[in-house]
Amino acid sequence: RRRRRWGDLGLELLVAMVGIGAIAAGFLGFGLNEPTLDKHSAEGLSRATPSALAAVEPLFTLAVLEDPQGQPASLAILVPERDRSGGDIIFVPLGIMAEVASFGLRPLREVPSLGKDNLLAETVANMLGLNFDGVDVVTSDELTDIVTPLGVLSVELPTSVEVPRASSARSGNRRSVLRLGPGPTDVNPGDLATLFAGVAGESELDRIVRHQAIWEALLGRAARDLPAGADQAGGFSSAVGALAAGETSFHVLPVESISGGTDGSDELFRLRRTEAEELLNRIGGPTATNRITVQLLNGTGTPGLAQYVVPLLTPAGAQVTLTGNASRFDHETTLVVYGDPEDRAAAEAMRKALDVGEVVRSRGSVMLVDVMVVMGRDLAGRMSTGKPAA
């Protein structure tokens, strides 16, 4: 992310090379505005036929589907076309390790229990550099209410599964189970949330295969039977209606395993960042790949302050990669610190996003990030409402 300095001779050489490249592209028939992905990266990234509004940035909704116990069972990014005619669904493995403001590296599945309500969405947004147009947490009962008008779904289950019956799960009787699949299987709306949840011994990526089968059945039925106006209701229902109205492509956020866990339910993954950026760019997401890396240090002693600061920095092009405490808690003024002179503009952008503090240059130790923010009491004062408890 370093700027190259060109002298007069270098600039002339660059102009000449651009001219030669343009001529060569003209002869070879290459489109200069077309993305270039190798075959491996392009696999599975097919998209619905572009609409007349394809040049407009699509909508991104983060959908969190909960199991009957209120725990996240599925995390997906819903990306309907602007003209409400199909789009994309990106499944996000809950075992991805991500930097969680005030808590460090944690798997996404643990985030909802750590802090404020939107912390999971803000963690995913910071991880991907993606600003969501909406976030919808769908409880088990809400999912049942949404799907009930569509009736029983026929789901093409890839394998057989045994899940607790919805009525048994609510009553605490774990002896009554549903044996479902493989093959076409009728699933009642009340059992969908349980079917989204994990099955003992299965891997998370295997579970996502089942999630896709559920989504295919849901969208197929919604395309025929969704009540009029449901695609305009907003949130999850609106996204389902829009996706059902055209071709929808499915993707899994690219990850690599770093721990197999013990029973498949506690696997850990690392995001394959370059491939994830290619996927998001392909479907109209953020195009900037050189984000400003930021370390947040709490210099006030106010618990959980970073959780309220990360959402200010992400839209300004930041990726918060480290959070922790400063060496002391008596900082009155927030310090936005940079080391390399070329990072001063990045530091100024972060200070502008915070709307407080001062930019200073560090002439001491080597920094591991582009910008370090030592949060002071001026910033805590700005973020003084709704802080999490100590």
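The values are calculated or read from the model by the stated rules, or taken from the named source; none is laboratory data. In this text the structure is predicted, and so the values were computed from the model without any measurement. Cβ atoms come from the backbone with ideal geometry, glycine included; neighbour counts cover every protein chain shown. Accessible surface areas use protein heavy atoms only, side chains included; no ligands, DNA or RNA. Shrake-Rupley method; radii C 1.70, N 1.55, O 1.52, S 1.80 Å.
Numbers below:
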read-out	value
Residues of region 337-353 satisfying the condition of being among the acidic types (D, E) and open to solvent by less than 40 Å² (accessible area, probe 1.4 Å)	E342, D343
Matching residues in region 83-108 - criterion: being in contact with a His (Cβ under 9 Å, 6 or more places away or on another chain) and not hydrophobic (A, V, I, L, M, F, W, C)	D88
Residue in region 72-86 that is closer than 30 Å to T302 by Cβ, open to solvent by 60 Å² or more (accessible area, probe 1.4 Å) and modelled with pLDDT of 85 or more present	no
Options T185, T123, T144; residue that is surrounded by 15 or more Cβ atoms within 10 Å (Cβ to Cβ), in a strand (DSSP E or B), polar (S, T, N, Q) and at pLDDT 90 or above	T185
Pick from region 224-246, criterion open to solvent by 60 Å² or more (accessible area, probe 1.4 Å) and at pLDDT 75 or above, ranking: nearest to S85 (Cα to Cα)	A245
Residue within region 313-328 that is of a type in the set (D, E, K, R) and either in contact with a Lys or Arg (Cβ under 9 Å, 6 or more places away or on another chain) or in a strand (DSSP E or B) (or both) present	no
Residue that is most open to solvent (accessible area, probe 1.4 Å), among those in region 188-207 that are part of a loop (DSSP other than H, G, I, E, B) and polar (S, T, N, Q)	N188
Flag for D330 being open to solvent by 60 Å² or more (accessible area, probe 1.4 Å) and either on the phi > 0 side of the Ramachandran plot or out of contact with any helix residue (DSSP H, G or I) (no Cβ under 9 Å at 6 or more places or on another chain) (or both)	no
V356 in contact with a strand residue (DSSP E or B) (Cβ under 8 Å, 6 or more places away or on another chain) and surrounded by 13 or more Cβ atoms within 10 Å (Cβ to Cβ)	no
Index of the failed condition, L130 passing every other in (1) of a type outside the set (D, E, K, R); (2) surrounded by fewer than 22 Cβ atoms within 10 Å (Cβ to Cβ); (3) assigned to a strand (DSSP E or B)	(3)
Sole residue being surrounded by fewer than 23 Cβ atoms within 10 Å (Cβ to Cβ), touching a residue at least 60 places away in the same chain (Cβ under 8 Å) and not small (G, A, S), chosen from L108, L150	L150
